[in-house]
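Following: one structure in structure tokens, then a few remarks.
The values are calculated or read from the model by the stated rules, or taken from the named source; none is laboratory data. Since the model is a prediction, treat every value here as computed from it, not as a measurement. In this analysis, Cβ positions are derived from the backbone assuming ideal geometry, glycine residues included, and neighbour counts consider all displayed protein chains.
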């Protein structure tokens, strides 16, 4: 590899490019969640949870070790929560009537946790899978470890662990939207009619017996 194909710190330019691209994907996803929570849903918990990926993205772009570790932890947490979500939805799915157990109904139950938008679920799943694969590559690890003190490695892991734990708890506490149910026809409430007051019976006219 020629000298022009490498950056100043010795990492291949293609490796730095894809690392930056992957971190930017997390940044765009976190920014979308942040503005959605701030302007649309007005949810403080989702707003707070979206700040953690932004911090991890900044640290990754600065090639800090805890940034790479935080992205790895968030990808593993996202995959674990997705598997747990499928398990909980499967339990609800088995309780439905046989005629309601369709693939469309299952997808509606899953997408209820993603605002009924499949592109959000697929984007997060793709980011988590690509992050878990790319950030473990030896060239990427060497890029983040080059020129760093080994004595600070434990502190870097502690920072990443705290951020990932806080992010996971925030996701668990964030409310999820519910699937849209079919509107039920309201029952008509019939008020009982008041009974009419009984009219007094007129006494029958008495027949006078003929005089003898």
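Miscellaneous remarks
- One residue from 63, 68 being on the phi > 0 side of the Ramachandran plot, more than 19 Å from the chain's Cα centre (by Cα), in contact (Cβ under 8 Å) with a residue 40 or more places away in the chain and surrounded by 14 or more Cβ atoms within 10 Å (Cβ to Cβ): 63
- Here residue 136 passes the criteria (1) in contact with a helix residue (DSSP H, G or I) (Cβ under 9 Å, 6 or more places away or on another chain); (2) part of a helix (DSSP H, G or I) except the one numbered (2).
- Residue 125 meets the conditions (1) within 15 Å of residue 70 (Cα to Cα); (2) in contact with a helix residue (DSSP H, G or I) (Cβ under 8 Å, 6 or more places away or on another chain); (3) modelled with pLDDT of 85 or more; (4) surrounded by fewer than 16 Cβ atoms within 10 Å (Cβ to Cβ) in every case but one. The failed one is (1).
- Residues satisfying the stated conditions in segment 1-46, i.e. touching a strand residue (DSSP E or B) at 6+ places or on another chain (Cβ under 8 Å) and modelled with pLDDT under 80: 1, 5, 6, 12
- Test: residue 49 is modelled with pLDDT under 85, more than 19 Å from residue 165 (Cα to Cα), crowded, with 17+ Cβ neighbours inside 10 Å and touching a helix residue (DSSP H, G or I) at 6+ places or on another chain (Cβ under 7 Å): no
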